[in-house]
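Worksheet: one structure, shown below.
The values are calculated or read from the model by the stated rules, or taken from the named source; none is laboratory data. Since this is a predicted model, take the numbers as computed values, not measurements. Neighbour counts are summed over all protein chains in view; Cβ atoms, including those assigned to glycine, are modelled from backbone coordinates with ideal geometry.
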Amino acid sequence: MQPFERYQELGDYVGWTSEDAARMCAIQPLLHPHFGALIDDFYEEIQRHPEASRVITGGCAQKARLKEQLLSWLGELFSGVYDREYVERRWRVGLRHVELGLNQIYTNASLARLRRGLQRALEQSWTGGVRDLLASLESLHSLLDLDLAIIQDAYQTEYLRRESSVQRLVTIGKVAGGIAHELRGPLNVIKTSVYFLREVSDASVPKRQAHLERIDRQLDVAAKVITALNDLARLPQPCMEDFQLEHCLAEAVDLNPLSPSIALVWDFPDDGLTVQGDRAQIDIAFGNLIRNAADAMPDGGRLEFIGRCQDGFATILVRDSGKGIADDAFPNIFEPLYTTKAKGIGMGLSISRDILNHHGGTIAVASQPNLGTTITVRIPLTRQVLDVPSKVDAI
């Protein structure tokens, strides 16, 4: 959800109205004479707290700029205009706090101090009735709460994005050795075949063809390793949009063709399931599940996609009739580089789980040796769909 839409939603939540905005505009002349003292107090208090003041590294010049920015912030607060540009400026405050490395608890404490100062100033300057004063104070507190909420939302969004990037780099670091090992094998095979083709000038046509096919197979293996690493590295915060999940799954199947010996079964509501998410990332997640299912059924079998609406989520079962997962392997299936396949690299389920976690979804696996595997994926819906009794409910 975009910042302005989030702000509007929060405003509805707290009951913010145009009357509240008018009250803020009306009290601005009463409070403006106090802004200078409030700003001085704001930064004097920051200086008494080393953890908060450490972000002010530019001396008096930076402090002067910050005071001008706070004066502008207060002016906008009582302007009575709370449009998209206003919200985006508030949002950037949260982003800036992450850049500075400022702990968000100091934002909360500073705004609480500023809130008390504004309330005292309004009470001292008020010349009207008590009921109108209480109404103005209530509007003021609601407005400050909304400002704090949007700043915190921006802070959390940016902080989580950065943490996600750091964690991805850590994970990539952990798997780098395994990736190198996985690539070294096919590269050595390719090297020996190239050596043969270069040095054995009188090799027979079938022999040369066999080595060319060998190189081609190993290039496919290397490409899969690189694709898995690329999928892991290129997962930014999801770019949310509404889309039909069944269409996304069909596209994932097209991109990961199944053997003709695997029967594909679809069971979705007639009107489909509309979810909100990053379609490209969801494609990656389901592509991994489809490839795993195909690998589990080398001699053919049955792959089912069953979709239902449950409790505000699209619940999708990806069920294969393959060889299942051994009991001793099951606890490790989401670990990067853990695999039971002879030629696998063990990244698929780990990547899929990361993607679904970023979407507010979940993934769960149930499997029995020689009886197949059922993977349950849940992705938030964008609209409520009538949840009717189905085969999913009985599983």
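Listed by first and then second residue, the pairs linking a residue in region 51-77 that is under 29 Å from Met24 (Cβ atoms) to a residue that is acidic (Asp, Glu) and not in a loop (DSSP other than H, G, I, E, B), with Cβ atoms under 9 Å apart and 6 or more places separating them unless they lie on different chains, are Ala52/Glu45; Lys67/Asp40; Trp73/Asp147; Leu77/Asp147. A count restricted to region 269-315 and to residues that are of a type in the set (Gly, Ala, Ser), part of a helix (DSSP H, G or I) and modelled with pLDDT under 90 stands at 3. Annotation note: of Leu219, Leu197, the sole residue that is touching a Leu at 6+ places or on another chain (Cβ under 8 Å), modelled with pLDDT of 75 or more and assigned to a helix (DSSP H, G or I) is Leu197. For region 1-43, residues that are more than 29 Å from the chain's Cα centre (by Cα), among the charged types (D, E, K, R) and more than 14 Å from Leu137 (Cα to Cα) total 2.
In summary, Asp145 fulfils each of the numbered conditions (1) at pLDDT 90 or above; (2) surrounded by fewer than 12 Cβ atoms within 10 Å (Cβ to Cβ); (3) under 30 Å from the mean Cα position of the chain (by Cα) with the single exception of condition (2). Among the residues of region 34-48, just one is modelled with pLDDT under 90 and either small (Gly, Ala, Ser) or not in a helix (DSSP H, G or I) (or both), namely Arg48. The listed residues are Leu95, Leu102, Leu118, Leu111, and the only one of them that is over 21 Å from Glu76 (Cα atoms) and either at pLDDT 85 or above or among the aliphatic types (A, V, I, L, M) (or both) turns out to be Leu102. For first residues located in region 189-203 and under 15 Å from Asp216 (Cα atoms), partners that are hydroxyl-bearing (Ser, Thr, Tyr) and surrounded by 12 or more Cβ atoms within 10 Å (Cβ to Cβ) and lie 6+ apart or on another chain with Cβ distances below 8 Å do not occur.
For region 11-30, the condition holds for at least one residue, the condition being that it is free of Cβ contacts under 8 Å to residues at least 40 places away in the same chain, exposed (fewer than 12 other Cβ atoms within 10 Å of the Cβ) and closer than 30 Å to Pro238 by Cα. Would region 225-237 turn up any residue that is in contact with a strand residue (DSSP E or B) (Cβ under 6 Å, 6 or more places away or on another chain) and either modelled with pLDDT of 90 or more or buried (at least 16 other Cβ atoms within 10 Å of the Cβ) (or both)? No, because not a single residue in region 225-237 is in contact with a strand residue (DSSP E or B) (Cβ under 6 Å, 6 or more places away or on another chain) and either modelled with pLDDT of 90 or more or buried (at least 16 other Cβ atoms within 10 Å of the Cβ) (or both). Of everything listed in (1) over 24 Å from the mean Cα position of the chain (by Cα); (2) farther than 19 Å from Leu349 by Cα, the single unmet condition for Gln244 is (1). Scanning region 126-144 for residues that are over 17 Å from Ala22 (Cα atoms) and not in a loop (DSSP other than H, G, I, E, B) turns up just one, Val130.
Among the residues making up region 249-268, a single one is of a type in the set (A, V, I, L, M, F, W, C), in a loop (DSSP other than H, G, I, E, B) and at pLDDT 90 or above: Phe268. The number of residues in region 276-316 that are touching a residue at least 40 places away in the same chain (Cβ under 8 Å), farther than 19 Å from Leu349 by Cβ and surrounded by 18 or more Cβ atoms within 10 Å (Cβ to Cβ) comes to 8. Which one of these does Glu51 not meet: (1) within 19 Å of Leu148 (Cα to Cα); (2) within 30 Å of the chain's Cα centre (by Cα)? Of everything listed in (1) within 19 Å of Leu148 (Cα to Cα); (2) within 30 Å of the chain's Cα centre (by Cα), Glu51 misses just condition (1).
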